[in-house]
Structures are given as structure tokens and as C-alpha cells.
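Student: Got a structure for you, questions after.
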Amino acid sequence: MRLNHGYALRHTLSLNGMKIIYSGLRVENYNPKRSPSFEYTNFYLTLKSLFSAEVIEYPFDNILKVGKRWFNKNLLDLILREKPDLFFAFMYTDELDVETLDAIKRKTKTIAWFADDHWRIWNYSRHYAPHFTWGATTWSMAPAIYARYGIKNIIRSQWACSPREREPFDFAQDKLFDVAQGKPLNKDINVSFVGQRTEKRANIIEELRRAGINIYVRGWGWPEGRVSEEEAVKIFSRSKINLNINDSPNLFKPKYLARLFLRRSMNRFVPSLNFLDNFQSWRGMSVPQIKARPFELSARGAFVISGYADDMDAYYEENEEMIFYRSSAELAQKIAYYLERGDEREKIAEAGYQRTLREHTYKKRFEEIFEKIGLR
């Protein structure tokens, strides 16, 4: 690793001479306490480690040091000098000027990964998508909505798991192995949830606890605190039941109502006068979305009960590869049912694990995207 162009980091590997420039956040929401970011771990590191390509990272985080104007100028200079085969951006806010994106698009293929399109498509994604050669979305309804605005360069993709979640697992012995210790991990946690605390998640956890279900909880915002990636995967492995709670916010809380008049710009909020787009975005926040966690859990051979969202049954066969719930009362019932049925849990977990390794890795996702955009 060496510094390149002041703020770009170069990693040379050995896609057949292909060169990729990647931009995204290194830390969550520009918060150094939340490092590394999801996209850095799962997108940048996957591109860097799994493909025979030269990957140059140009992280958004540096915009706070040099300012937006110079950040964009330096990016365009980097593109002109390096002549990459692809510019890949995991979009966050308004870091990239559309004039810069148009200039880059004239020089090479570009693709933007748009997260949270179930609410961001109206006041964010659709305004940036035309300035890329391609855009990727995880929401099933997004391509049709983009098309209403004349935007047809959209690829439907999905979250997945990264290789780091694929530790040795032996279903024949019903054991998950701690690689560092070289010994099996026992399933000594009945039910666990690892993820950021939200008001609705806290209410669901409390409701389950009142029903007599003991749940081990960790993550940002919980009194029990955050966990490292290594610690998280051990919790997944030790748990008989792993929960993925798909919650939607209370839209009438002040911080969400404020989104009608404000938009995020890097690490702050600024006024936004586009009320109609903001209203559609605000309303879309209530739409349940598919998250990465079910894929990450299944990659560990874990038994998963997940909130149903969008077209989850297109990725896992319900009751065969993963269990879905549609209300907190149903969730409590299914937890109680499966806690008493270890053999059934393991059969479902193994089927989900095999489906994940076969179809739901980021390597697989990127290969499909590269094929569609003509890079293979």
C-alpha cells in the first residue's frame, strides 16, 4: 500500500489487467468512532481481494480535509491520469459534483451503488443516476420508478456476504469452529440480535423479553455496547436463533419530520426546498427493506428468523432456508417453536448456508454486475 495522488490509496493485485477506481466512506457517517464502514469492508475490500485487478481507493472521508471543490478536481485528475476501466462509487450524499461525474463518464465506464432506494430514490438517487453509465439498486420496485423518469441504466442487485463471514462449519458434527482457537463453539446463547439500536427495535426486544424470551443484544446504541466483526461472528455461531429485525422508523418523530425540509450533505444537514421529493422520500422510509444481515448470518451457518421485506423469498425459500416473520407476535411464536426443535433448526440453517455460498456472496454480485456492464 502506498499513498497516491495525495489521498488515493493504490493496491495492485495480480480482472486480468483491469484497473478500478473506488470511492466510498471509510467510516460510517463520517464518524471515526464507527470504523470501518459497511461499504469499506464489503465492497472495497472485496474488490481489492477477490479480483485480479488494480484497485485504487479514493475515499469520501478526505473531502473534510480538502473541501468539496478540490476533492472533485483531484478525483478527475486521478481518472485522467490513471485511465481506469471502471469508476465505482458507493454513494452517500453530495460528495460528487455532477459536472465531475459527467466528465468522468466521458472517459470511462462508471457505476453507482445506491443504497436505501426505497426512500432515497426520489430526492437523491434519481438525480445522480443519469450522470453514471450504470446504477445498481437493491429495491425491487426501483428500476420501474427510475424508468418513469427516463432512467434505464439501472441494474437490480442485492446485499450479500463477504468472504470474511465464511468460516469453517461442519453440519455433520453440528459444530461451528473458532478458527483462532482451533476448537468448536458451543451454542450457549438461545436468541441473539446484533445491530444498531432504534426505538422500534428496542420496543420489539422489550416485548419479547416480557413474553419470557431471553435475548442477547449487542450493537451501536445498546447499553451492552458495540462488537467487533470477530466478536459478532462468534455471537452468530453461538446462537441457536439469530434475529434480523426489519423495522421502520416513527415518521412523526422530530428528526424524521425534519427530513421534509433538510437533506444530508456529507457530515451535516442543510436546508432543502424540494418539498415534493422530500415528502415522497419521507413517506418511503416506512417501507421495510432487505438488509445485509440475513446474508451475513446465513454465511455463518446460522439459523435465522428475519423480518420479511420486499422480495426476500426470491433469495431464500421461506421455512426451508430461512424463517420470516411479519409481526412481533408472530416473531415470539416462531422463537418459542424453533427453540424446541434443534434438528429442524439445523436442517434449515444448512439449507440457507448452502444457498448463500452458492448465490449470495459479493464476489457473485460483482461478477453479475461486471457481466452486465460489459467488463468480462
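Student: Of Leu251, Leu78, Ala314, whose Cα points farthest to the positive end of the dipole of the chain (charges on the beta-carbon: +1 Lys, Arg; -1 Asp, Glu; origin at the Cα centre)?
Tutor: Final value for the positive-end residue is Leu78.
Student: Quick one: net charge of Ser23's neighbours, Cβ under 11 Å, K/R +1, D/E -1? Write down the numbers at each step before the final one.
Tutor: On the way: positive: Arg26; negative: Glu39, Glu57, Asp61, Glu95.
Net charge around Ser23: -3.
Student: Of all DSSP beta bridges located in the range 219-376, what percent are antiparallel, nearest 5? Please report the intermediate quantities before stating the final value.
Tutor: Numbers: 4 of 11 bridges.
Bridges in the range 219-376 are about 35 percent antiparallel.
Student: Among Asp61, Asp343, which comes first, then next, by fewest other beta-carbon atoms within 10 Å?
Tutor: On the way: Asp61 19, Asp343 8.
Result, fewest neighbours first: Asp343, Asp61.
Student: Could you give the length gained by full extension between Lys363 and Lys107, i.e. 0.36 nm per residue of separation minus their alpha carbon distance, to one decimal place?
Tutor: Numbers: separation 256, 0.36 × 256 = 92.16 nm, distance 2.59 nm.
Gain on extension, Lys363 to Lys107, equals 89.6 nm.
Student: Can you give me the Cα centroid spacing of the range 282-296 and the range 201-237 in angstrom?
Tutor: The distance from the Cα centre of the range 282-296 to that of the range 201-237 comes to 19 Å.
Student: Taking the Cβ-Cβ separation of Glu99 and Arg209 as r and a Förster radius of 51 Å, what is the calculated FRET efficiency to the nearest 0.05? Each step should come with its number before you reach the end.
Tutor: Details: r = 53 Å, r/R0 = 1.04.
After rounding to 0.05, the efficiency reads 0.45.
Student: Would you work out the charge dipole size for the chain about its Cα centre, treating the Cβ of every Lys and Arg as +1 and the Cβ of every Asp and Glu as -1, and quote it to the nearest 20 debye?
Tutor: On the way: 59 positive and 48 negative charges, 261 e Å.
Roughly 1260 debye, rounded to the nearest 20.
Student: Also: With a ≥ b ≥ c taken as the square roots of the eigenvalues of the C-alpha gyration tensor of the range 112-152, please select rounded if a/c is under 1.5 and otherwise prolate if a/b is larger than b/c or oblate if it is not? Can you show the working numbers first?
Tutor: Details: a/c = 1.32, a/b = 1.14, b/c = 1.16.
Rounded is the answer for the range 112-152, as its axis ratio a/c remains below 1.5.
Student: Let me ask you something else. Could you tell me which residue out of Phe43, Phe269, Phe114 lies farthest along the dipole of the chain toward its positive end? Charges go on the beta carbon: Lys and Arg +1, Asp and Glu -1, centred on the Cα centre.
Tutor: Phe269
Student: Still on this structure: Determine the dipole magnitude for the range 284-353: charges of +1 sit on the beta-carbon of Lys and Arg, -1 on that of Asp and Glu, nothing else is charged, the reference point is the Cα centre, and the result goes in debye to the nearest 20. Don't jump to the answer; show the numbers that get you there.
Tutor: Working: 8 positive and 14 negative charges, 70 e Å.
Roughly 340 debye, rounded to the nearest 20.
Student: What is the distance, in nm, between label points placed 7 Å from the Cα along the Cα-to-Cβ direction at Lys334 and at Glu224?
Tutor: Result: 2.0 nm between the two label points.
Student: Quick check on the range 243-300: take the gyration tensor over C-alpha atoms, sort the square-rooted eigenvalues as a ≥ b ≥ c, and tell me if it's rounded (a/c under 1.5), prolate or oblate.
Tutor: Working: a/c = 2.85, a/b = 2.12, b/c = 1.35.
Note, shape of the range 243-300 comes out prolate.
Student: Over all alpha-carbon pairs of the range 50-170, lay out the pair-distance distribution in 10 Å bins, whole %, shortest bin first.
Tutor: 12, 39, 32, 14, 3, 0
Student: With both bridge residues required to lie in the chain, what share of the DSSP beta bridges run antiparallel, to the nearest 5%? Present the calculation step by step, with values, prior to reporting the outcome.
Tutor: On the way: 16 of 52 bridges.
If I count the DSSP bridges inside the chain, around 30 percent turn out antiparallel.
Student: Per DSSP H run of n ≥ 4, the term is -39500 (n - 2.57); total these for the chain, divide by its residue number, and report the mean residue ellipticity at 222 nm rounded to 500 deg cm²/dmol.
Tutor: Numbers: 14 runs with 127 residues, N = 376.
-9500 deg cm²/dmol, from helical runs alone.
Student: Restricted to Cα positions, what overall size does the range 273-376 have along the principal axes? Three whole-Å values, descending.
Tutor: So the three principal-axis extents are 54, 42, 17 Å.
Student: For labels at Ala202 and Gln280 in the simple 7 Å Cα→Cβ model, what's the distance in nm?
Tutor: Label-label distance for Ala202 and Gln280, simple model: 3.4 nm.
Student: Further, regarding this structure: Using a Debye calculation, one point per C-alpha and no hydration shell, please list log10 I(q)/I(0) for the chain at q = 0.07, 0.13 Å⁻¹ in order.
Tutor: One equal scatterer on each Cα of the chain leads to -0.33, -1.15.
No value in this document is a laboratory result; all are computed from the given coordinates. No experiment lies behind these values; they were computed from the predicted model shown. Heads up, the Cβs are rebuilt from the backbone with ideal geometry, glycines too, and the neighbour counts pull from every protein chain shown.
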